[in-house]
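The values are calculated or read from the model by the stated rules, or taken from the named source; none is laboratory data. As the structure is a computational prediction, the values presented were derived from the model and not from experiment. No Cβ is skipped: glycine too gets one built from the backbone with ideal geometry, and neighbour counts run over all protein chains shown.
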Amino acid sequence: MKQWSVWGVVLGLGLMVVANAAKAQEVGIASSQVEISLLVKGEITIGEDGEVVEYTLEDPGKLPPSVVQFIRASVAGWAFEPRRGTANLVKLRSRMNLLLVAREVEGGDFLMRLQAASFIPESTADGQAVAASGLKPPRYPKEAAIGGAQGTVYLILKVGRDGRVLDVVAEQVNLRLLESEKKMAELRKLFADASIRTARKWQFASTAGGADAGAEFRSVRVPVDFSLDEPPPYGGWTAYIPGPRAKAAWVDEELAGDSPEAMTAGTPRQLSKQGLRLVTPLP
């Protein structure tokens with residue numbers, strides 16, 4: 001279970017939290033549903049035994065010092081499953097995304113936790129990354145656009161040997177607009193349906209490498225973002241309302257258990273036991 005830690009996060013974040021709490025009360029939902037998140041990018045090197053050799057953060061000067069300190073304390077205790085090459089254990093360097101979530105508590109401090117981590121392979125050569133011939137984004141649902149609704153849909157795709165999409169599930173839909181529970185359910189369905197319709201037409205590379213080379217299908221995650229505004233600058237916080245998680249019946253629960261929220265929109269990731277796997281629970 002993820003743990004909250006107390007930090008002084010950034011000046012001005014409190015105003016954002018208060019505003020969202022007021023809106024939550026207005027539409028009749030619990031303000032605790034509102035999350036304030038920050039996406040951090042970087043790289044990490046894992047040694048032969050699964051230990052963290054080193055890591056770097058992208059533009060650390062743009063991040064709140066408390067966030068940098070929190071990540072340093074978290075990464076220090078990480079361990080990964082050792083990776084084996086053709087014959088021997090190997091060292092691996094990977095890009096990484098970390099999603100931090102904060103909420104305000106009494107006294108002006110903030111509770112912060114590491115919600116999700118995503119490790120992105122550098123190459124498709126060993127079957128860790130997924131090659132696609134172009135992931136055309138879905139059309140923005142008209143009703144959602146008129147109301148100013150924005151959000152992210154996290155899809156899980158069942159991709160056959162020929163690269164065609166056999167099935168799709170909207171695993172989670174996060175919104176960046178506070179409305180009543182009924183209205184938010186309607187918006188989540190609009191975004192999910194639009195994403196699923198388009199995803200069924202996507203085409204991926206017809207071959208898979210590594211341990212999944214002989215599999216009948218691959219399971220692939222793809223986030224789809226619906227935005228009307230410019231994204232916040234790197235190091236900026238974003239308020240959102242996380243949606244409920246759904247399961248894809250064909251996916252091993254062990255592979256689908258981690259949160260997808262640190263993934264970058266439009267970037268596919270294969271769910272595989274062959275990839276870089278963090279065995280330490282996120283703090």
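Of the residues that make up the stretch 127-143, is at least one part of a helix (DSSP H, G or I) and modelled with pLDDT of 90 or more? Before the answer, list the steps.
So in the stretch 127-143, the residues part of a helix (DSSP H, G or I) come out as 142-143.
Imposing the further condition that a residue be modelled with pLDDT of 90 or more reduces the set to 142-143.
The answer is yes; a qualifying residue exists.
The residues in the stretch 231-252 that are farther than 21 Å from G61 by Cβ and either part of a loop (DSSP other than H, G, I, E, B) or aromatic (F, W, Y) (or both) can be counted, and the count is 12.
When you look at L255, is it touching a Phe, Trp or Tyr at 6+ places or on another chain (Cβ under 6 Å), modelled with pLDDT under 90, within 29 Å of R93 (Cβ to Cβ) and not in a strand (DSSP E or B), yes or no?
Details: touching a Phe, Trp or Tyr at 6+ places or on another chain (Cβ under 6 Å): no; modelled with pLDDT under 90: yes; within 29 Å of R93 (Cβ to Cβ): yes; not in a strand (DSSP E or B): yes.
In short, no.
Just one of the numbered conditions (1) in contact with an Asp or Glu (Cβ under 9 Å, 6 or more places away or on another chain); (2) more than 25 Å from S180 (Cα to Cα); (3) among the basic types (K, R); (4) exposed (fewer than 13 other Cβ atoms within 10 Å of the Cβ) is not true of K247: (2).
Listed by first and then second residue, the pairs linking a residue in the stretch 254-276 that is surrounded by fewer than 21 Cβ atoms within 10 Å (Cβ to Cβ) and hydrophobic (A, V, I, L, M, F, W, C) to a residue that is at pLDDT 85 or above and assigned to a loop (DSSP other than H, G, I, E, B), with Cβ atoms under 6 Å apart and 6 or more places separating them unless they lie on different chains, are L255/L271.
Residues that are surrounded by 17 or more Cβ atoms within 10 Å (Cβ to Cβ), of a type in the set (V, I, T) and under 16 Å from F191 (Cα atoms) within the stretch 128-172 comprise T152, V153, I156, V168, V169, listed in sequence order.
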